[in-house]
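The values are calculated or read from the model by the stated rules, or taken from the named source; none is laboratory data. Please read all numbers here as calculations on a predicted model, not as lab measurements. As a convention, Cβ positions derive from the backbone with ideal geometry for all residues, glycine included, and neighbour counts pool all protein chains shown.
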Amino acid sequence: MSEQPKKPSRNKGTTKVNLNVRKRWQDIVNGVDKKEVPIEILQKIIVKLVDGTTISIDIKELIAEGQDPLEIEDMLNEKFNNLDPYIKNVDFFVDIDKVVDTVQPETDKVLKNL
């Protein structure tokens, strides 16, 4: 007769992590029409030029290295304006974890009395 494995016991005082929170936020962000995105929540930008060249700009890394987000934004605006005739497409990749960290506390405040 084989024994059934025991379920791990949950420590009192711990909270269960909802693994779907990140997925829910990703779905929300994907559903929003993004005309302007704060530089602080960008992960990276991929620029595709008409000649086939692809340029990847790791915004998250630049900010982690201590660069000022406003300076990064100014630099990007200048580059995009200069390269405009050569740009085929620009893809902005949002850092979902940063969105959650930024928006969830405000959402919690608004919904706490419901």
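Descriptive notes on the structure:
- Of all residues in region 98-114, those that are under 25 Å from Lys44 (Cα atoms) have Cβ atoms under 7 Å from Cβ atoms of residues that are of a type outside the set (Asp, Glu) and part of a helix (DSSP H, G or I), 6 or more apart or on another chain, in Lys98/Ile41; Val99/Trp25; Val99/Val29; Val99/Ile41; Val100/Val21; Val100/Arg22; Val100/Trp25; Thr102/Ile41.
- When we screen Ser2, Ser56 for residues that are at pLDDT below 70 and small (Gly, Ala, Ser), the only hit is Ser2.
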